[in-house]
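The values are calculated or read from the model by the stated rules, or taken from the named source; none is laboratory data. The structure displayed is predicted, hence computed values, not measured ones. Backbone-built Cβ (ideal geometry, glycine too); neighbour counts: all protein chains shown.
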Amino acid sequence: MIDYDDVRLVAAIAAAGGVRGAQARLGTHIATIYRQLRDLERRIGGALFERLGDTLVPTGRAEPFLEAADDLRDRLAKVERRVAALDDRLVGTLNVTTADTLLETASACLKAFSAAHPGIALSLEVNNGFADLGRREADIAIRPTLTPPETLVGRRVARFSYAVYAADVSAAGGWIGFDAVLSALPAAQWLKANVTEDEIRLRVNSLTAAAAAAEAGWGRALLPDYLGAARRLARAGETIDALASELWVLYHPDLRGNPRVRAFSDFSAKWLRARLNAGAQGLGQPNG
């Protein structure tokens, strides 16, 4: 008979790529994991993993176990969301995720929220991909996007666009470009259409890196207005309306009634809207 421990064992080894890595996930002695794996393979009549170099790769026999593990995670996440929705306390934990371009802004927002709600223990994760809020990888997300996932609900905080920024506009002769990782970004497409290869002095793999490079004097960087303002860079051109996007505060609909999520959603939407509007008004005219 296959039980939950069997599923957990196979999932842990597959995720870690080996028995030694699974040890930390399972909290079990390595000899015990080997024994449990051999016993399970004997019961099902074949190998669950094959070795590829230093990594254990799941065989076809492992697939039902991994599918069951995914299903169990989804079911447990649903239970956790339902329990969290019934938690009517304005104390406890709240996990927030955001993009690296919003790190300074989100950190300041969380600081202000913490002062108003000291009973809520906050955590902030920086992740440029959408965290799986359905599996409670985070409770709430602050994201720049024009197309928020249909599985989430929330508020559109503000619109923002892009402009060219530099530490010293008069001395900024070259450009900071993006590497292949960001090639699908509309800003990268704009650079490709408007800036020649000879003008690119440095390529980076994130907008935050582009802002840092501009601060260091590498040249002109195409940045979202809120990031250019946060880094106190000088604007070197007009707003590029074609690159306009939106800032959203998002959460899973099952958490709509959770008071911590509701309190943060209300607070952050107002705070972020005021911050971005103030930043936009303070940008002024291009320098140089």
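Remarks
Conditions (1) touching a Phe, Trp or Tyr at 6+ places or on another chain (Cβ under 8 Å); (2) buried (at least 19 other Cβ atoms within 10 Å of the Cβ); (3) closer than 28 Å to Ala269 by Cα; (4) among the polar types (S, T, N, Q), marked per residue:
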{"position": "Ala121", "(1), (2), (3), (4)": "no, no, yes, no"}
{"position": "Asn127", "(1), (2), (3), (4)": "no, no, yes, yes"}
{"position": "Thr147", "(1), (2), (3), (4)": "no, no, yes, yes"}
{"position": "Val164", "(1), (2), (3), (4)": "no, yes, yes, no"}
{"position": "Ser170", "(1), (2), (3), (4)": "no, no, no, yes"}
{"position": "Gly173", "(1), (2), (3), (4)": "no, no, no, no"}
{"position": "Ser183", "(1), (2), (3), (4)": "no, no, no, yes"}
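- The number of residues in region 190-241 being out of contact with any helix residue (DSSP H, G or I) (no Cβ under 7 Å at 6 or more places or on another chain) and aliphatic (A, V, I, L, M) comes to 10.
- For region 102-126, a residue qualifies if it is among the β-branched types (Val, Ile, Thr) and either more than 19 Å from Arg143 (Cβ to Cβ) or over 14 Å from the mean Cα position of the chain (by Cα) (or both), and the qualifying residues are Thr105, Ile120.
- The residue that is modelled with the highest pLDDT, counting only those in region 132-144 that are part of a loop (DSSP other than H, G, I, E, B) and buried (at least 20 other Cβ atoms within 10 Å of the Cβ), is Asp139.
- When Arg220 is tested against (1) within 27 Å of Thr97 (Cβ to Cβ); (2) buried (at least 22 other Cβ atoms within 10 Å of the Cβ), only condition (1) is not met.
- Here Ala193 clears all of (1) modelled with pLDDT of 90 or more; (2) touching a strand residue (DSSP E or B) at 6+ places or on another chain (Cβ under 9 Å) except the condition numbered (2).
Conditions (1) closer than 30 Å to Leu191 by Cα; (2) under 20 Å from the mean Cα position of the chain (by Cα), marked per residue:
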{"residue": "Ala234", "(1), (2)": "yes, no"}
{"residue": "Ile240", "(1), (2)": "yes, no"}
{"residue": "Glu246", "(1), (2)": "yes, yes"}
{"residue": "Ala269", "(1), (2)": "no, yes"}
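- Which listed residue, of Ala244, Ala221, Ala230, Ala213, is in contact (Cβ under 8 Å) with a residue 24 or more places away in the chain, of a type outside the set (Ser, Thr, Tyr) and touching an Asp or Glu at 6+ places or on another chain (Cβ under 6 Å): Ala230
- Residue list for region 1-31, restricted to those being loosely packed, with under 12 Cβ neighbours inside 10 Å and without any contact (Cβ under 8 Å) to a residue 12 or more places away in the chain: Met1, Asp3, Ala24, Gly27, His29, Ala31
- All positions within region 233-258 that are buried (at least 16 other Cβ atoms within 10 Å of the Cβ) and farther than 15 Å from Tyr165 by Cα: Ser245, Leu247, Trp248, Val249, Leu250, Tyr251, His252, Asp254, Leu255, Asn258
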